[in-house]
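Please read the structure below before turning to the comments.
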Amino acid sequence: MKNAPVENEIALSPNFDANTANPQWGGRFASGPAAIMTEINASVGFDKILWRQDIKGSLAHAAMLHKVGLLNETELAEIQQGLSDIAQEIINGDFTFSPALEDIHMNIEARLSERIGEAGKRLHTARSRNDQVATDFRLWVRDAIDGLLDQTSALMRSLATRALEYHATPMPGFTHLQVAQPVTFGHHLLAYVEMLSRDSTRLHDARQRLNECPLGSAALAGTSFPIDRKMTATELGFDRPTANSLDSVSDRDFALEFLSALSLQAMHLSRLSEEIVMWASAPFGFITLSDAFTTGSSIMPQKRNPDAAELVRAKIGRILGDFTALITVMKGLPLAYAKDSQEDKEPVFDATEAMTLSLAAMDGMIRDLKPNEARMREVAGMGFSTATDLADWLVRELRVPFRTAHHVTGRLVGLAEKKKCDLADLSLQEMQDVEPNIHAGIFDVLTVESSLASRTSFGGTAPKNVQHQAQAWLEKLG
C-alpha cells in the first residue's frame, strides 16, 4: 500500500509558473516551493508590523534615487503616491498580505508595482532586502525605545509622586528579609526610581548606538550606483550611514543590546512586583490593591490575589528568554547575511510587547496601592530595629570604639530578648549595669522616628532627605 500523502504536501501542476507564485524572483527556479517551505520561509505573518518603517525607508530611498538621477520626477511622484495609497490600504485593513511573497518588503513592493506599473519596479534599484530589512528593523527598535522611555518616565513620576506623599511614613527596612533598620516608605519607592533611571540610560545608550543607517549597503558589498547614503540617513533621522557594508546587513547588536536592556529592566520590575506581592499578603499587611489590579479565587471568596504584580514578576522569564534566543541564533553566523537572521524579529517584538504591558501595569499599581501606615510603623519597630542607633549613640556620645559599642549593644539586645521587651523598655539602671556611662539621653534615639530623623547622610532615609529627592526627581521628570 502506498504511503498516505503528507498533509502539507502540495501537488504541483505541470503548468505551474514560479514567476506567477512569486514574480519578484524572476526566472531563477523551475518549480515552486513545497507548502512546508513556504510556511517556514515566510515571515510576513510577523514582520508585517514593520510596514510603517518599510514605507518610510522606501520613501527616503526613492527621494535619494531621484536626487542622483536614477528616477525622474514623474516616477518619484508615482512612487510617493503609490506608497501613500498602500499605507492607507493597510490602515483600513484592505491590504492582502501574501505568504507567497514571503515578507513585508516584497508584499509592499509587489503591490506598488501592481498599482503604478514600471515605476514601482524601479524602486529596488541600488538596494537589497538585506539592507532594507536592517534599516526597517533599526527604525522599529528606535521607535520602540522612544515609546518605552516615555513609559519608564511615567512610572518614575508615579513612584516619585507617591514617595513625596509618604516621605515621612515609617516602614521596616530589611536585610536577609529580616527587620534591619527603619526607613520611610518614600525612601523605598525612590530606590526603584534610581533603578529605572539606570534602565533609561541603557535604553538611551542603545538608541544612540543603533542610530546609523544601513540603507545603501545593498546585499553585502555596496552598490555601483552613484547613491547618496548620507541623504537617506538624514531623511530617516539617523546620525550617519553605517561604515561597513558587510557589518551593515549582518549586525543585530542593536537588537541584542535592546533585549539586554529590557532584561535588566524586567528584573527591576520583577523585584518591585515581588515586594508588592509580599506587602499585600496578610502576614505583612503593608498595602492594599483595589479590585482593578487584583482577582478573586474560584473557591475561596475571601481572597484578593495580586495577579497583576505576579504576572509582571513573571515577564522577566520571557524577556530574558527572548534575549537568550536571539543571541543563540547570532552566535554562529558567518558574514554576511543568512536566513537565520529572520529569527531576529519575533523575540524583539515579543519582549517589547511584554515590557510595554508590564510598565503600564506597574504604573497603574503604584498609583492604585494604599499603604497601611499603622501596620508599617508597627513592624518598623520590631526586631530591635533601633539597635544600630544605640550603638551609634555610644560612639557619638561616650566616644566608645564602634566594636565595643557593637558588643555593648548586643548585650543589651540579649537582655531585652530575655525580658521580652523592646530596647526602649529597658530601665536606665539595667543599661548602666552593662555600660556604666550610659545616661538618660540614650532614650532619645531609641524610637523609630528619631532613628529616621538621624539618617541625614546624602542618600539616607531621613524624611527631609526623601522629600528633597522626590521633589528633585519630579522637577527633572517634568
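The values are calculated or read from the model by the stated rules, or taken from the named source; none is laboratory data. Predicted model, so just to flag it, every value in this text is computed and none were measured. Counting neighbours? That spans all protein chains shown, and the Cβs are built from the backbone with ideal geometry, glycine included. Only protein heavy atoms, including side chains, enter the accessible area calculation; ligands, DNA and RNA are left aside. Shrake-Rupley method; radii C 1.70, N 1.55, O 1.52, S 1.80 Å.
Given the options Pro226, Pro170, name the one that is over 30 Å from Gly332 (Cα atoms), in contact (Cβ under 8 Å) with a residue 40 or more places away in the chain, surrounded by fewer than 18 Cβ atoms within 10 Å (Cβ to Cβ) and of a type outside the set (S, T, N, Q).
Exactly one of Pro226, Pro170 is over 30 Å from Gly332 (Cα atoms), in contact (Cβ under 8 Å) with a residue 40 or more places away in the chain, surrounded by fewer than 18 Cβ atoms within 10 Å (Cβ to Cβ) and of a type outside the set (S, T, N, Q), namely Pro226.
Between a first residue in region 447-472 that is open to solvent by less than 60 Å² (accessible area, probe 1.4 Å) and a second residue that is of a type in the set (Lys, Arg), which pairs have beta carbons less than 6 Å apart while being 6 or more apart in sequence or on different chains?
Thr461/Arg455; Ala462/Arg455
State yes or no: is Val133 closer than 23 Å to Leu210 by Cβ, over 22 Å from the mean Cα position of the chain (by Cα) and at pLDDT 95 or above?
Yes; evaluated as a whole, the condition is true for this residue.
Taking the residues in region 386-424 that are open to solvent by 40 Å² or more (accessible area, probe 1.4 Å) and touching a helix residue (DSSP H, G or I) at 6+ places or on another chain (Cβ under 7 Å) as candidates, determine which candidate is nearest to Asp444 (Cα to Cα).
Taking the candidates together, the pick is Ala424.
Among the numbered criteria (1) in contact with a helix residue (DSSP H, G or I) (Cβ under 8 Å, 6 or more places away or on another chain); (2) of a type outside the set (Lys, Arg); (3) surrounded by fewer than 13 Cβ atoms within 10 Å (Cβ to Cβ), which one does Gln429 miss?
Result: Gln429 fails condition (1) only.
Taking Leu196 as the residue in question, decide whether it is of a type in the set (A, V, I, L, M, F, W, C) and under 28 Å from the mean Cα position of the chain (by Cα).
Working: of a type in the set (A, V, I, L, M, F, W, C): yes; under 28 Å from the mean Cα position of the chain (by Cα): yes.
It is true that Leu196 is of a type in the set (A, V, I, L, M, F, W, C) and under 28 Å from the mean Cα position of the chain (by Cα).
For region 324-334, state whether one or more residues are open to solvent by less than 40 Å² (accessible area, probe 1.4 Å), assigned by the TED database to the domain that holds Tyr192 and within 29 Å of Gly173 (Cα to Cα).
There is no residue in region 324-334 that is open to solvent by less than 40 Å² (accessible area, probe 1.4 Å), assigned by the TED database to the domain that holds Tyr192 and within 29 Å of Gly173 (Cα to Cα).
Which condition does Ala126 not pass, out of (1) over 26 Å from the mean Cα position of the chain (by Cα); (2) within 21 Å of Glu353 (Cα to Cα), if it passes all the others?
(2)
Would you kindly identify the helices (runs of 4 or more DSSP H) lying entirely within region 43-143 that contain at least 3 residues that are more than 30 Å from Ala261 (Cα to Cα)?
51-67, 73-92, 104-116, 118-121
Wholly within region 376-455, which helices (runs of 4 or more DSSP H) include no fewer than the required count, namely at least 2 residues that are modelled with pLDDT of 90 or more and closer than 30 Å to Ala282 by Cα?
Once the helices (runs of 4 or more DSSP H) in region 376-455 are filtered for at least 2 residues that are modelled with pLDDT of 90 or more and closer than 30 Å to Ala282 by Cα, what remains is 402-419, 448-454.
Would you mind stating whether Arg207 is of a type in the set (Lys, Arg), closer than 30 Å to Gln467 by Cα and either open to solvent by 10 Å² or more (accessible area, probe 1.4 Å) or within 18 Å of the chain's Cα centre (by Cα) (or both)?
Numbers: of a type in the set (Lys, Arg): yes; closer than 30 Å to Gln467 by Cα: no; either open to solvent by 10 Å² or more (accessible area, probe 1.4 Å) or within 18 Å of the chain's Cα centre (by Cα) (or both): yes.
It is false that Arg207 is of a type in the set (Lys, Arg), closer than 30 Å to Gln467 by Cα and either open to solvent by 10 Å² or more (accessible area, probe 1.4 Å) or within 18 Å of the chain's Cα centre (by Cα) (or both).
Name the residues in region 173-193 that are surrounded by fewer than 24 Cβ atoms within 10 Å (Cβ to Cβ) and polar (S, T, N, Q), would you?
If the condition is that a residue be surrounded by fewer than 24 Cβ atoms within 10 Å (Cβ to Cβ) and polar (S, T, N, Q), then Thr175, Gln178, Gln181 are the ones that fit.
List pairs: first in region 321-333 and among the β-branched types (Val, Ile, Thr), second open to solvent by 70 Å² or more (accessible area, probe 1.4 Å), Cβ under 8 Å, 6+ apart or cross-chain?
Val329/Asp340; Val329/Glu343
Specify the residue that is farthest from Ala453 (Cα to Cα); the eligible residues are those in region 372-398 that are touching a residue at least 24 places away in the same chain (Cβ under 8 Å) and β-branched (Val, Ile, Thr).
That would be Val379.
Would you be able to tell me the number of residues in region 104-132 that are closer than 15 Å to Ile227 by Cβ, charged (D, E, K, R) and touching a His at 6+ places or on another chain (Cβ under 8 Å)?
The total comes to 1.
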